[in-house]
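Beneath this line is the structure, given in structure tokens, with notes to follow.
The values are calculated or read from the model by the stated rules, or taken from the named source; none is laboratory data. These numbers were taken from a predicted model, which means no experiment stands behind them. Heads up, the Cβs are rebuilt from the backbone with ideal geometry, glycines too, and the neighbour counts pull from every protein chain shown. Just so you know, the surface numbers come from the protein's heavy atoms only, side chains and all, with ligands and any DNA or RNA stripped out. Shrake-Rupley method; radii C 1.70, N 1.55, O 1.52, S 1.80 Å.
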Amino acid sequence: MHRRPSAPELRSDHRSMLRFLAVNAALGMGTGLATFAALLWLDTGGIASRIARAENPILPLLLIAVPFCLTFGGAATASAIMLLPYRRKFTDDPET
């Protein structure tokens, strides 16, 4: 038999799910930033040396770092949605 959850229970459940997704997005963005830092540190394709010689190095840094962060953050969030640890919480039978 299903029982109808109360408003505070629903709010708490939504907050915990949103917190789970936000943490995963932040970890993904951090991974993207670390990958970008490794790309610069290893000077893959001479990218770090080209950026160092640029007239305004902030712009190329941002144009590479932001897509890395967004892509990795989006991938981590998508995988978190697929693996969302959600069970039916508002039933009488704990196995469903």
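Residues in segment 1-22 that are under 26 Å from Ser79 (Cβ atoms) and either open to solvent by 80 Å² or more (accessible area, probe 1.4 Å) or touching a Gly at 6+ places or on another chain (Cβ under 6 Å) (or both): Arg11, His14, Arg15, Leu18, Arg19. Just checking, does segment 75-87 include any residue being basic (Lys, Arg) and closer than 30 Å to Leu18 by Cβ? Yes, some residue in segment 75-87 is basic (Lys, Arg) and closer than 30 Å to Leu18 by Cβ.
Within segment 47-71, residues that are over 15 Å from Leu33 (Cβ atoms) and open to solvent by less than 50 Å² (accessible area, probe 1.4 Å) reach partners that are part of a loop (DSSP other than H, G, I, E, B) and of a type in the set (D, E, K, R) with beta carbons closer than 9 Å, at six or more positions or on different chains, in the pairs Ser49/Asp43.
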